[in-house]
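The values are calculated or read from the model by the stated rules, or taken from the named source; none is laboratory data. A quick note: this is a predicted structure, and the numbers were derived from the prediction, not measured. Cβ sites come from the backbone with ideal geometry, for glycine too, and all protein chains shown count toward neighbours. Note: areas computed on protein heavy atoms with side chains; ligands, DNA, RNA excluded. Shrake-Rupley method; radii C 1.70, N 1.55, O 1.52, S 1.80 Å.
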Amino acid sequence: MASRVNTSFTLIPNQKYRRSNRRSSYFSNTFDSDSQPLSTLGNFKALPVEIFQIILKYLSVKDISMLSMVSKTVSQHVINYISTSSGSKRLLLQDFHDLELPDREDTTIMEHYRSLGLLFKRCTLLLPTKERLKYIHKILADVSCFKFSGCAAPLQCVGLLCYGIFLQTLTAGWDELECHRVYNFLCELTNLSRKMQTVVCSKPGSARKLELRIRLFCRNVLLDHWTHRSDSAFWLTCILKPWPMVNQARLLYIIFGPISPQDGQVVWQKMIEGPTDESCLKGLADAIKLLYDTGTKEWTADDVISLVDELSVVPREWLLENNARLLILSGNNICFTFMASKAVNGRTIELARLMVFLALVCEKELYCMDWAVKMMQKVCKVFSTPVERNNFLQSVANAFACAIMEMLQSVMSGDGDDDDRSFMNLFHLVQAQASFHKEVLYLTMNVLSS
């Protein structure tokens, strides 16, 4: 009995030891395998590449962009999928002519390209900027509507709009050096600088189709999609700064000036032939404010004022009423700085005539006439002596009289519709003079009573 008990006693611990030994050996092996670096594909490691790409077909573009951030290896698989014919066909939608031109950037195809820009931003994150741009260009090269002159009907196409949204999403948050590289890359790709040189050195309107292409490319691809004004100012600076001031003014007119509603081409005679309305000048005024207000180091106040001065003679000297309207739309600071520049440089007669047409625009557009009077009062302080100030005020009075006589002669010599327009201009000018002088009297009497 004792021996059997001892034997069983000795066997049981041995069996436990062996079982324990096997279990410890198993967990030890498992720990060793877990301690090794896991595949960056995770559970996707067991899948063939073809199955992985089939899975991607069922994911939205946003989901694919999230997946591309899992690891470098997954990102590379996503890049490989994009490079396949089936992947590029699925991702690069090209129904740019199947919808009306939108007023807002929330149509399905535009949102698709916004998501696609985010996908490319994420899956090319580890590449140098130059390599990223080369890869992206290689993928997008087959989309003809993304090219400078790739679309036969650019006014009915949203291709460049989608391209611009794609690039805006891709480059959002990049520093200025990287964005400069993007602009230079696009210039080389499209030969944009040479095309700009052609239009600024040619007679205005002699290359209308090229002017239209430049306008559409600059607005739709580079300028119109930015949320922050500083970003828009950066890209506009990239476009304008390489050129001398006279060419900057020409380019500004091409990109933001009035266009024909029929064919979208730039209307060069609009500012010369007759008074225009706010809609024709708003784009130019907004661009000028953009350069002036954002305070970029490339643009001083003198630079912007010189640009406005050059713009007012593109392609020839504008009607003063159009010039005055542009200054009002550009804001108080630009308007005053422009007028003060003329006062400092002794251009009193020009300044006085401009003052008259500022008053005329205020009368026509029902703006407060006291604004014009206060602007004149502010300009008067620029003159260094009372004699200069009095000469300016006398010039304003003379300018009103001369402008009324010129319009009266136009009414007396005109006929038909031109006669009606001339008469209405004369009527508004007489009303403007009366309102202007009334505000001057109010200002004078208030000063005397105080």
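For the chain, excluding the exposed loop sites themselves (GluC sites (Glu not before Pro), DSSP loop, at most 15 other Cβ atoms within 10 Å), the longest remaining stretch covers 101-297.
Just checking the listed ones, Ile165, Ile139, Ile214: in the Gaussian network model of the chain with Cα springs under 10 Å, the one fluctuating most is Ile139. Between Leu327, Leu186, Leu47, the Gaussian network model of the chain with springs among Cα atoms under 10 angstrom shows the greatest mean-square fluctuation at Leu47.
Residue by residue, region 192-201 carries 3J(HN,Hα) couplings of 5, 4, 5, 5, 5, 4, 4, 6, 6, 9 Hz when phi is fed to the Karplus relation 6.51 cos²θ - 1.76 cosθ + 1.60 (θ = phi - 60°); x denotes Gly or Pro.
Report relative contact order for the chain in percent, whole number only (criteria: Cα-Cα under 8 Å, sequence separation at least 6).
Details: 405 pairs, mean separation 38.6, N = 450.
That works out to 9 percent.
Gain on full extension, evaluated as 0.36 nm per residue between Lys209 and Lys57 minus their Cα-Cα distance, stands at 50.7 nm.
Taking amide H as placed 1.01 Å from N in the peptide plane, the amide H of Ile259 sits under 5 Å from that of Val267, each at least 5 places away or on another chain. Placing a pseudo-label 7 Å from each Cα along the Cα-to-Cβ vector at Val49 and His437 gives an inter-label distance of 8.7 nm.
To the nearest ten degrees, helix 2-35 and the longest principal axis of the Cα atoms of the chain are 30 degrees apart.
Holding the Cα-Cα limit at 27 Å, pick out from Lys241/Lys364; Lys138/Lys297; Lys342/Lys364; Lys89/Lys195 the pairs that are longer than that.
Values: Lys241/Lys364 36 Å; Lys138/Lys297 35 Å; Lys342/Lys364 25 Å; Lys89/Lys195 31 Å.
From Lys241/Lys364; Lys138/Lys297; Lys342/Lys364; Lys89/Lys195, over 27 Å: Lys241/Lys364; Lys138/Lys297; Lys89/Lys195.
When the solvent-accessible area of the chain is split by element, carbon and sulfur atoms take up 55 percent of it, the probe being 1.4 Å. Rg/Rh for the chain stands at 1.27; both radii use Cα atoms, and Rh follows the Kirkwood definition.
Between helix 129-140 and the chain there is an angle of about 90 degrees, using the helix long axis and the longest principal axis of the Cα atoms. Annotation: extensible slack from Asp420 through Gln94 equals 112.3 nm (criterion: 0.36 nm per residue apart, minus Cα-Cα distance). For the chain, the longest principal axis of the alpha carbon atoms and the long axis of helix 229-240 meet at an angle near 70°. Taking label points 7 Å from Cα along the Cα-to-Cβ direction, Asp263 and Val430 give a separation of 4.2 nm.
Remark: relative contact order (region 288-378) = 25 percent; criterion is Cα-Cα distance under 8 angstrom and separation of 6 or more residues. What percent does the relative contact order of region 231-318 come to when contacts are Cα pairs within less than 8 Å and at least six residues apart? Rounded, it is 39 percent for region 231-318.
For region 251-262, 3J(HN,Hα) computed residue by residue from phi via the Karplus equation (6.51, -1.76, 1.60; θ = phi - 60°) reads 5, 4, 5, 4, 7, 10, x, x, 10, 6, x, 7 Hz, glycine and proline entered as x.
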